Amino acid sequence: ARLFSRIATGNWDAVIVTHASFEKIPVSLSNRQKFIHSQVREIEQAIIEQKREERGTRLVKELEKVKRRLETKFKSLSAEQKKDHTLTFEELGIDMLLVDEAHKLQNLFYVTKMTRVAGLPQTASERAFDLFLKVQHIQAKNNGGGVVFATGTPISNTMAVRSNMQRYTQISGLRRNRLQHFDSWASTY
């Protein structure tokens, strides 16, 4: 808490914190709720589109499962006790983010109708979700910029990892081109 107070009140050129400490900086409840609401709306739209095309009932079922998980997560946010009660990420005044060892945060959630495809991870990490929210906040302040990922291992053996790295750093461009969902992004290859 003392470190976060010093970050918020000082005039620093750079502050270096470990991944573990960075995770303890909470994103405001309202921003987390807003993000989850927007994700639920995107998934609802995808369900409507899939039903309209009258194909992909397996994808509709998968999308509905993801929607239920997000709604459960939304409900649990108000009771969250995990993070230290301190200043929120938004209150710290951070205007740029450089993430070293970014490959450790590659398990960002995604939805796909592709099943039985070797190498597509089926897990998502809370750490990656937390970083995604923080990246979105920084990019909103910097017109899409302000985020640098550094890694010696940018892409392992999956397309999902490449997609996730691009979602972190270029989500507005992906949305502009309607490629923010994994399947639409993967169809370009």
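The values are calculated or read from the model by the stated rules, or taken from the named source; none is laboratory data. Worth saying up front: this structure is predicted, and the values here are computed from it rather than measured. In this analysis, Cβ positions are derived from the backbone assuming ideal geometry, glycine residues included, and neighbour counts consider all displayed protein chains. All accessible areas refer to the heavy atoms of the entire protein, side chains included, with ligands and DNA or RNA removed. Shrake-Rupley method; radii C 1.70, N 1.55, O 1.52, S 1.80 Å.
Values as computed for the structure displayed
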read-out	value
Residues of segment 1-13 satisfying the condition of being closer than 22 Å to V148 by Cα and touching a residue at least 60 places away in the same chain (Cβ under 8 Å)	F4, I7, A8
Some residue of segment 76-99 being at pLDDT 80 or above, over 20 Å from G144 (Cβ atoms) and touching a strand residue (DSSP E or B) at 6+ places or on another chain (Cβ under 6 Å)	no
Subset of segment 100-126 that is among the charged types (D, E, K, R) and assigned to a helix (DSSP H, G or I) - its residue that is least open to solvent (accessible area, probe 1.4 Å)	E126
Single unsatisfied condition, K24 versus (1) touching an Asp or Glu at 6+ places or on another chain (Cβ under 6 Å); (2) without any contact (Cβ under 8 Å) to a residue 60 or more places away in the chain	(2)
Looking only at segment 127-154, and only at residues there that are of a type in the set (V, I, T) and surrounded by fewer than 17 Cβ atoms within 10 Å (Cβ to Cβ), the one that is nearest to the chain's Cα centre (by Cα)	V148
Filter result (charged (D, E, K, R) and in a loop (DSSP other than H, G, I, E, B)) within segment 1-59	D13, K24, E53, E54, R55
Residue under evaluation G144, criteria (1) free of Cβ contacts under 8 Å to residues at least 40 places away in the same chain; (2) assigned to a helix (DSSP H, G or I), criterion not met	(2)
Meets criteria (out of contact with any Cys (no Cβ under 8 Å at 6 or more places or on another chain) and either farther than 21 Å from R175 by Cα or at pLDDT below 85 (or both)) for K34	no
Residue count for segment 16-35, restricted to those that are within 20 Å of A140 (Cβ to Cβ) and open to solvent by 60 Å² or more (accessible area, probe 1.4 Å)	3
